[in-house]
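Right, one structure below, let's go through it.
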Amino acid sequence: MRSRTVAVTTVTLLVAACGQTKSAAPQAVPTHLAGNVEQLQRGTLTARDVSAAQQRVGLELMAKVCGAGGPNTLVSPASAADALGLLDASAGGGTAKAMATLLHLPVWG
């Protein structure tokens, strides 16, 4: 009987609370995107080339990290390669060359 009373009380409180809290409607945030849109030329890399490069980056990362953090180190080489790849696309000059070397990919552009 007590559990039924608790259940009925809980449901009653939840139903009573529905609609009581009114929050302001979300307002649209004006956005203005600025920048240069550049057409990229089709490259010569295949999906297999990119996969092999990511595998090399992952193995090198694991070789550097394993043992440094103890037996419970957790690393996602694919996530690291993806994140670095995003940085690589926006890098220029010497940074672009260093990123390409690290990722085993050619320099963008």
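The values are calculated or read from the model by the stated rules, or taken from the named source; none is laboratory data. Bear in mind the structure is a predicted one, so any value in this text is a computation, not a measurement. In case anyone asks, the SASA skips ligands and DNA or RNA and just uses the protein heavy atoms, side chains included. Shrake-Rupley method; radii C 1.70, N 1.55, O 1.52, S 1.80 Å.
Observations
- Lone qualifier among A7, A68, A16, A47 - being open to solvent by 80 Å² or more (accessible area, probe 1.4 Å) and modelled with pLDDT under 75: A68
- Restricting attention to the stretch 72-90, the residues that are open to solvent by 60 Å² or more (accessible area, probe 1.4 Å), over 11 Å from M62 (Cα atoms) and not hydroxyl-bearing (S, T, Y) add up to 4.
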